[in-house]
Amino acid sequence: MLLLGFSSGLPFLLTGNTLGYWLRDEGTSLGAIGFLSWVGLAYSIKFLWAPIIDRVDAPIAGRLGRRRGWMVVSQLLVAAGLMAISVCQLRAGLPVIGALALVVAFSSSTQDIVVDAWRIEAANDSDELGLLSAAYQLGYRGALLVTDALILISASHWGWSISYSLMAALMVVGLAASLMAVEPARASVALGAGAQAPIWTLRGFIDAVVGPFSEFFRVYGWTALLMLAMISFYRLPEFMMGPMANPFYHDLGLTKDAVGAVRASIGLAASLAGIAAGGFFALRFGYLRALIVGAVLQSLVIAAFALLAFYGPDLRLFGAVMAADNFGIAFAGVALVTYMSSLTSLGYTATQYALLSSAYTYVGKFSKGFSGVIVDHLAARTTLLEGYGLFFIGAGLLGLPAFALCLLLASRSPAPASPR
């Protein structure tokens, strides 16, 4: 699970925040960087092809098993896309780089579908699911460290092209994990009347596409809409500030070596602490209470980036802000993943979790495309750094709707209509 989490996290920033740093290095405008982040919308619509992942074996690699086969295919496609970006470089033009980033994003979101399904199906009980979710987050955050910190040091000394080639090579970690993993047993009870029918038949298609959604609403009733709304807004502050983080460090005057060193040391320690704290809090006090604390933490730590904008590139302040950010985001990530995992039904694991994990990206992935335009607009009335500062404060305040929805869910304390 640790290795698969690493493999899932590796491509995420390479088509988003880290790619934005490369683009800013080449003089690309903040507006273009913000709009290019829309390739990440692939993660928001992955529920559309998740029924195929649930019911159809992967081409060629299907003999490894349905879950493992799709893992291998998606990981190979991610590696190929990253290598193509490395070879083409920015001289190929933004449309080409955007198309290749889209290939990586679609392949990566497919990998997420199957890894999430494997994590849920491999767990024997809720405690083990919590542990696997924490291990997944640990691996995922480790990959973010590599693609958000170590790659900056690599790019500073060897260039972006070589650095992206190294990231493509690191997908071998996921391939190794896929080959070592045990194919989880199928759910023993078919939830839908057409669950055993081939997907190309009418009955099989209806059950694969409609079954996961009808089952979800059968179990939770109309509270399901409240759950989906909360999930949709939960990570909005993080998504909104994401595309502007690395351009902000560039414009602030911090070197790649300094940013990479702080992220790889203080940031790593804070991430590990956040994952441990989030996992413990969720198991000890419950998923919803962990969500409430996570919502407050992530809003505060994202707004804290405004301190850097107003006080300048002080490394001690940068280290403190980075530590707080990594702790808060890691805590909130574990809380959300554990909560969403607890909502799925065996038999529809891939599709239902894809629906939930897509839901938490809908609002954020779309909104963050305008982040560069917002900073430019604010900077036009003040200075560039002050514009960044106001933007980060606003991004932090975007966590208030999720916080309110978490409180409402906690007050309702919904229980499934039938035991899972």
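The values are calculated or read from the model by the stated rules, or taken from the named source; none is laboratory data. Since we're looking at a predicted model, the values are computed, not measured. FYI the Cβ positions are ideal-geometry reconstructions off the backbone, even for glycines, and counts take in every protein chain you see. Ligands, DNA and RNA are stripped out before the accessible areas are found, and what is left, the full protein with its side chains, is counted by its heavy atoms. Shrake-Rupley method; radii C 1.70, N 1.55, O 1.52, S 1.80 Å.
Of all residues in region 305-337, those satisfying the criterion of being more than 13 Å from C406 (Cβ to Cβ) and touching a Phe, Trp or Tyr at 6+ places or on another chain (Cβ under 8 Å) are F305, A306, L308, A309, L317, V321, D325, F331, G333, V337. Determine whether V39 is over 30 Å from G387 (Cβ atoms) and not in a loop (DSSP other than H, G, I, E, B). No; evaluated as a whole, the condition is false for this residue.
Taken as a whole, the structure leaves I85 outside the set of residues that are surrounded by fewer than 22 Cβ atoms within 10 Å (Cβ to Cβ) and β-branched (V, I, T). From the list L102, L145, L131, the lone residue that is open to solvent by 50 Å² or more (accessible area, probe 1.4 Å), within 22 Å of the chain's Cα centre (by Cα) and either among the charged types (D, E, K, R) or within 18 Å of L2 (Cβ to Cβ) (or both) is L131. Of all residues in region 36-77, exactly one satisfies the criterion of being touching a Lys or Arg at 6+ places or on another chain (Cβ under 6 Å), open to solvent by 40 Å² or more (accessible area, probe 1.4 Å) and either at pLDDT 85 or above or of a type outside the set (A, V, I, L, M, F, W, C) (or both), namely D57.
Does T18 meet the test of being under 18 Å from G93 (Cβ atoms) and of a type in the set (V, I, T)? In short, no. Checked against (1) open to solvent by 40 Å² or more (accessible area, probe 1.4 Å); (2) modelled with pLDDT of 90 or more, D257 passes all but condition (2).
So, in region 375-420, of the ones that are more than 24 Å from the chain's Cα centre (by Cα) and of a type in the set (V, I, T), which residue ends up modelled with the highest pLDDT? Result: T383.
Within the option set F366, F327, being open to solvent by 10 Å² or more (accessible area, probe 1.4 Å) and under 30 Å from E121 (Cα atoms) holds for one residue only, F327.
In region 23-35, the residue that is least open to solvent (accessible area, probe 1.4 Å) out of those that are touching a helix residue (DSSP H, G or I) at 6+ places or on another chain (Cβ under 9 Å) and not in a helix (DSSP H, G or I) is T28. The residue that is nearest to the chain's Cα centre (by Cα), counting only those in region 148-160 that are open to solvent by less than 40 Å² (accessible area, probe 1.4 Å) and under 10 Å from G260 (Cβ atoms), is D148. Would you call I275 in contact with a helix residue (DSSP H, G or I) (Cβ under 7 Å, 6 or more places away or on another chain), among the β-branched types (V, I, T), crowded, with 18+ Cβ neighbours inside 10 Å and under 30 Å from I52 (Cα atoms)? Answer is no for this residue.
Residues in region 211-254 that are open to solvent by 40 Å² or more (accessible area, probe 1.4 Å), under 20 Å from A354 (Cβ atoms) and among the aromatic types (F, W, Y) were compared, and the one that is nearest to the chain's Cα centre (by Cα) is F233.
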